[in-house]
Structure formats: structure tokens, C-alpha cells
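The structure under discussion appears below in the form of C-alpha cells.
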Amino acid sequence: MITAEAPETGIARKLITLYGKKTSVEGHYHKNGGGFIANIAHADEAAFVGKDAMVLEDAQVLGNAQILDKAAILGKAQVRDNAKVSGKVRVIENAQVYGNAKVYDMALVGGNAKIGGSVEAYGTVWLCGDVDVTSGKFFSYKISSNGNSAAPGEYGARYYLNAEKELKKEMEKMCKKIMGLNEKDEKG
């Protein structure tokens, strides 16, 4: 068992980057890839969790799923089947990435979003809420349950020009939520 506070693991630094504060997480390194798995999280033996990737909280990585680079799976999120998550992607809350879906770069998948089939989501894409997407390519785009439904095809910055700015705001809100902060706490 490893306590992620131990500086020699390098995990402590990653957790501070992820949560914005010093956090202690007990876990172990996955046998297939060497990534960090919290003791309360789960990753199947057949799954691949790369050395810089993390599976935290109650998250699950099932089947032949791959978590690569600095990707992090948290909350009650699930990545399964042959799905691939890489880059600095965050799959959080109750989100699911499954089938042959590929999510990479700076994407955020959260809420109750279900991303499956042959979907490719990359860039600064934000897929949250109660969306269920099973085909198409999404980059620098925002899809949420209060937005329009997504139809198969390619969707990019030409459809949502302020995606990066909006994504940053939403990611900041999500990070604050994950860290348990609210505006009152910040003001003192």
C-alpha cells in the first residue's frame, strides 16, 4: 500500500495539481501500466493505467479500457470496454466512457454524461450533464444537458467559438466543487 503523501511517489504532487491542496490518498500502482489506483477505486487487471494516470475516489476502469498520460478518473465515473482516455482528460462525477470511445487532450466528461460507441472527443471539449453521445467527433466544443442534442458528425470551434473560455470557467467551478469550496469560503 502506498500513501500518496509520500514525496518519493510523485503522486502527492499530482494530487495537489488535481485537487489544489495537499491530499492524502491510500492506494497502489496498477500492475498493467504502473498508474496510481486509490484503494477505494477499481481497475481490472486487463485494463491499462499508465504511469502518470490516476484512478481515484470510487472510480472504475473496466475491461480493456486504457487510461494514459496525465488523465484522471474520479468520483463514481467509469471507463470501460475498449475506451481510451488520455492527455489531461478528467472523467468525473457519474460520467461513463465506454465502447471504442476516445477522449483526449484537455477534455472534461462529467455529470451523468455517457460517451460511447465510436465517439472522439478532444481539444477543450466539455461533455457534461445528462448527454448520451455515441457517434461523432467533438473538439473545442460544449455539450450539456441544457444545450442542443448532438447529431452524428464533426463539431468544432466554428460552432462554439468561446469553448475554451467557457470550459475554463466550468472547470474552475467543477474543481472548486470537488475541493469542497464555495464563494463564501473564498471571500473569507
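Scanning segment 101-113 for residues that are in a loop (DSSP other than H, G, I, E, B), surrounded by fewer than 24 Cβ atoms within 10 Å (Cβ to Cβ) and either free of Cβ contacts under 8 Å to residues at least 12 places away in the same chain or in contact with a strand residue (DSSP E or B) (Cβ under 7 Å, 6 or more places away or on another chain) (or both) gives Tyr104, Asp105. Of the residues Val61, Val97, Val79, the single one that is more than 14 Å from Val119 (Cα to Cα), in contact with a strand residue (DSSP E or B) (Cβ under 9 Å, 6 or more places away or on another chain) and not polar (S, T, N, Q) is Val61.
Table: residues versus (1) in a loop (DSSP other than H, G, I, E, B); (2) modelled with pLDDT of 90 or more.
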{"residue": "Ala12", "(1), (2)": "no, no"}
{"residue": "Thr23", "(1), (2)": "yes, no"}
{"residue": "Gly27", "(1), (2)": "no, no"}
{"residue": "Gly99", "(1), (2)": "yes, yes"}
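Of all residues in segment 40-93, which are among the β-branched types (Val, Ile, Thr) and surrounded by fewer than 24 Cβ atoms within 10 Å (Cβ to Cβ)? Passing the criteria: only Ile40.
Residue-by-condition table, conditions (1) crowded, with 18+ Cβ neighbours inside 10 Å; (2) modelled with pLDDT under 80; (3) touching a helix residue (DSSP H, G or I) at 6+ places or on another chain (Cβ under 7 Å); (4) β-branched (Val, Ile, Thr):
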| site | (1), (2), (3), (4) |
| --- | --- |
| Ile115 | yes, no, no, yes |
| Gly123 | yes, no, no, no |
| Trp126 | yes, no, yes, no |
| Val133 | yes, no, no, yes |
| Ser140 | yes, yes, yes, no |
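For Ser145, the stated conditions do not hold, so it cannot be described as of a type outside the set (D, E, K, R), surrounded by 18 or more Cβ atoms within 10 Å (Cβ to Cβ) and either in contact with an Asp or Glu (Cβ under 9 Å, 6 or more places away or on another chain) or modelled with pLDDT under 85 (or both). Within segment 64-81, being among the basic types (Lys, Arg) and touching a Lys or Arg at 6+ places or on another chain (Cβ under 8 Å) holds for one residue alone: Lys70. Residues of segment 50-97 that are in contact (Cβ under 8 Å) with a residue 40 or more places away in the chain, under 9 Å from the mean Cα position of the chain (by Cα) and assigned to a loop (DSSP other than H, G, I, E, B): Leu74, Ile92.
The values are calculated or read from the model by the stated rules, or taken from the named source; none is laboratory data. Computed from a prediction, not measured in an experiment: that's the story for all the values here. Counting neighbours? That spans all protein chains shown, and the Cβs are built from the backbone with ideal geometry, glycine included.
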